[in-house]
1. Projected onto the charge dipole of the chain (+1 at Lys/Arg Cβ, -1 at Asp/Glu Cβ, origin at the Cα centre), which of Gly175, Pro113, Leu151 gives the Cα projection farthest towards the positive end?
2. If Lys and Arg each add +1 and Asp and Glu each add -1, what is the summed charge of the other residues whose beta carbon sits under 14 Å from the beta carbon of Asp109?
3. Based on alpha-carbon atoms only, what is the radius of gyration of the stretch 61-113 relative to the globular estimate 2.2 N^0.38 Å?
4. Which value, in Å², gives the accessible area per residue of the chain when a 1.4 Å probe is used on the protein heavy atoms?
5. Using a cut-off of 13 Å between beta-carbons, work out the net charge of the residues near Val51 (Lys and Arg +1, Asp and Glu -1, Val51 not included).
6. Pop out the carbon and sulfur fraction of the accessible area of the stretch 143-264 as a percent, whole number, probe 1.4 Å.
7. Can you bin the stretch 109-156 into rounded, prolate or oblate? Criterion: square roots of the alpha carbon gyration tensor eigenvalues sorted a ≥ b ≥ c, rounded for a/c under 1.5, prolate for a/b above b/c, oblate for the rest.
8. Going through the cross-link list Lys38/Lys247; Lys66/Lys203; Lys66/Lys122; Lys71/Lys122; Lys22/Lys46; Lys66/Lys163, which pairs have a Cα-Cα distance over 22 Å in this structure?
Amino acid sequence: MNMTGVRPGDAFKYEGPTMPNKADYWVTFTSTYEAIEKYILPPPLKADRSVPPEVRLICFVSPENKAFSGKVTPYQGFMFLAQTEHNGVKGRAGWEYVDAVYGDKSEVDIMGPWGVYFGMMKKLGDIRFTPLGGNRFQMSVDRRGVRMITLKMSIGAEMEAAKIDAINAGISGSGATITVREIPNVDYTGFTERSICVARADKNCVLSGWNVSDCSVEFGHTPEDPLDQIPVLEVTGAGATVNAGSKELFTEMYVLDSLPLDAT
């Protein structure tokens with residue numbers, strides 16, 4: 001367990017949140033249910049068709065992330081989320097690109113076992129945050145020499161306290177974070193575990209925020225990640241926030257459903 005820093009049973013023994021002062025730069029856009037099911041949600045999850053087909057794209061930086069052991073392990077990422085429902089539980093599911101904050105990818109080798117444990121796919125990428133002007137920024141991720149995501153936005157005035165309260169209420173009302181844990185068996189013919197898991201979304205708290213305007217999203221293409229097949233029909237919301245993610249997001253996670261263990 002040298003990549004996680006601690007063995008199971010001894011984790012999350014430190015004080016305070018797992019992810020203090022995590023900065024999110026996010027945009028929500030409408031797409032299609034078909035694209036959400038094909039490119040965003042892990043199987044067997046399906047899009048929640050009782051709500052609009054929206055995708056939340058988040059560029060985030062977690063410079064004080066403490067993970068399992070409490071040792072600071074900085075990382076950043078680009079996360080895709082979309083609404084889903086399983087066994088009567090509504091929530092959001094997706095996956096993310098991850099990178100080191102300060103250029104040394106050996107600092108984020110924890111992301112492999114973390115992705116398996118949490119049930120959210122994490123792919124390495126080269127993530128950059130580039131000023132384009134006094135308050136305009138470009139966030140991007142490259143993978144294997146290909147620009148996969150370009151997100152541009154202008155940062156405006158700080159949000160009022162009432163808006164922060166409304167965002168936190170929206171987080172609580174958006175449902176859980178739903179993931180799919182799949183652990184292969186010893187000869188890789190099937191699985192020793194396939195579980196749909198639930199983590200409480202209200203364990204993330206927005207501390208402050210800034211209004212955002214003039215957002216644009218562009219996707220690139222590789223055979224493994226054909227992101228350009230995700231339609232960006234209309235940007236419906238955006239913001240920049242500083243958040244805290246508590247330990248309970250992980251310690252109170254539970255199994256919602258067990259799936260068949262055979263490979264079919």
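The values are calculated or read from the model by the stated rules, or taken from the named source; none is laboratory data. Predicted model, so just to flag it, every value in this text is computed and none were measured. As a convention, Cβ positions derive from the backbone with ideal geometry for all residues, glycine included, and neighbour counts pool all protein chains shown. Accessible surface areas use protein heavy atoms only, side chains included; no ligands, DNA or RNA. Shrake-Rupley method; radii C 1.70, N 1.55, O 1.52, S 1.80 Å.
1. Positive-end residue among those listed: Pro113.
2. Values: positive: Lys71, Lys105, Lys122, Lys123; negative: Asp99, Asp104, Glu107.
Counting the neighbours of Asp109, the net charge comes to +1.
3. Working: Rg = 13.9 Å, N = 53, 2.2 N^0.38 = 9.9 Å.
In units of the 2.2 N^0.38 Å rule of thumb, it is 1.40.
4. Details: 12500 Å² over 264 residues.
For the chain, the solvent-accessible area averages 47 Å² per residue.
5. Values: positive: Lys46, Arg49, Arg56, Lys90, Arg92; negative: Asp48, Glu54, Glu85.
For residues surrounding Val51, the net value is +2.
6. Taking all protein chains in place, the stretch 143-264 shows 51 percent carbon and sulfur surface.
7. Since a/c reaches 1.5 and a/b is larger than b/c, the shape of the stretch 109-156 is classed as prolate.
8. Details: Lys38/Lys247 31 Å; Lys66/Lys203 15 Å; Lys66/Lys122 17 Å; Lys71/Lys122 20 Å; Lys22/Lys46 29 Å; Lys66/Lys163 28 Å.
Violating the 22 Å Cα-Cα cut-off are Lys38/Lys247; Lys22/Lys46; Lys66/Lys163.
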